[in-house]
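Below: one structure, written as structure tokens.
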Amino acid sequence: MSDLRKMIDELLNQNFGTHPPQGGVMAFLQARMGSRRLPGKTLMKIHGRSILEHAIRRLQVSSVVDAVVVLTTRRKEDDAIVSECERLGVPFYRGSEDDVLARFFEAAEIFRPEIVIRATADNPLIEIGSIERIVTALRSFGLDYCMEINLPYGAATEAMTAAALAKTHALARDPEHREHVTIYIKEHPDEFRILLPDAPASVRRPDFRVTVDTPEDFAAIKQLIGRFPETGSPRPLEDYFDSDLGAQASSSAYN
């Protein structure tokens, strides 16, 4: 185990109190119905729950997340996402379709978090434990941005301070930076305090694919989740590694 990994694990064992800092931690879950490869995937059902609901549930059970907010667009087709949020009792914000960075910044101005967790709604198997680890690192080391690397593809989330988000919104001009929210931060380590720790060995599976981007992804993930049905709270991500379906999930690629 690396020294950095040990430091993060030790910090997780400390008592930070029961009251989060002012503003708290909010998971901003970006979602839209439009998709070139699999339109409408966000609301496709996997064993009775939409992919959006699977993602929301995993974010909500994190011990450090104070609220989940779905960030969608003002397009008519995304009214369906708003309806799903209302059914689930989850707050939402509607902003620009293409300028996703502006959507995040505007939501932060409204909801006023201290820390933003960025997640995407095509990932029904978010690694729950990683959220606590990256928030702990962000606070303890005085970081602007943190994300674990070498998790399964589609399992990671990103943590950033609201101040770093606002700074990125002010500085980023390239359309790619506006669309992908955090690329500017990662490309400018001289301007931000960034940490990209390795994921713990138990979930260090970069070969394993758990995102839904294609019909093949959807079929594989639906079968994978069906192999390990949930009876209560979401299962730990590592439960799903004990399956011969992992190879199918891993082999699906963008096309």
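The values are calculated or read from the model by the stated rules, or taken from the named source; none is laboratory data. All values derive from a computational prediction rather than experimental measurement. Cβ atoms come from the backbone with ideal geometry, glycine included; neighbour counts cover every protein chain shown.
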In this structure, does LEU29 turn out to be within 14 Å of the chain's Cα centre (by Cα) and either modelled with pLDDT under 95 or outside any helix (DSSP H, G or I) (or both)? yes
Among residues belonging to the stretch 224-240 that are surrounded by fewer than 18 Cβ atoms within 10 Å (Cβ to Cβ) and in contact with a Ser or Thr (Cβ under 9 Å, 6 or more places away or on another chain), point out the one that is farthest from LEU59 (Cα to Cα). ARG227
Looking at GLY24, GLY48 in this structure, which one is among the small types (Gly, Ala, Ser), more than 19 Å from the chain's Cα centre (by Cα) and surrounded by fewer than 22 Cβ atoms within 10 Å (Cβ to Cβ)? GLY48
All-but-one check, GLU176 against (1) at pLDDT 95 or above; (2) closer than 24 Å to LYS41 by Cβ; (3) not aromatic (Phe, Trp, Tyr), failing number (1)
Any hit, the stretch 128-137, residues being under 18 Å from ALA55 (Cβ atoms), acidic (Asp, Glu), crowded, with 23+ Cβ neighbours inside 10 Å and at pLDDT 95 or above: no
Elements of type strands (runs of 3 or more DSSP E) in the stretch 59-135, at least 1 residues being among the polar types (S, T, N, Q): 67-73, 115-120
Residue in the stretch 140-148 that is outside any loop (DSSP other than H, G, I, E, B) and touching a residue at least 60 places away in the same chain (Cβ under 8 Å) present: yes
State the number of residues belonging to the stretch 58-102 that are among the hydroxyl-bearing types (Ser, Thr, Tyr) and under 22 Å from GLU230 (Cα atoms). 2
Only one of (1) farther than 24 Å from MET33 by Cβ; (2) of a type in the set (A, V, I, L, M, F, W, C); (3) surrounded by 14 or more Cβ atoms within 10 Å (Cβ to Cβ) does not apply to ALA201, and that is (3)
The stretch 161-209, subset under 20 Å from ALA27 (Cα atoms) and among the polar types (S, T, N, Q), residue nearest to the chain's Cα centre (by Cα): THR182
Answer with yes or no whether ARG5 is modelled with pLDDT under 95 and part of a loop (DSSP other than H, G, I, E, B). no
With ALA170, ALA164 as the choices, which residue is over 26 Å from HIS54 (Cβ atoms) and touching an Asp or Glu at 6+ places or on another chain (Cβ under 6 Å)? ALA164
Which residue pairs have Cβ atoms under 7 Å apart, sit 6 or more places apart or on different chains, and have a first residue in the stretch 102-118 that is of a type in the set (Asp, Glu) and a second that is assigned to a helix (DSSP H, G or I) and modelled with pLDDT of 95 or more? GLU114/ALA162
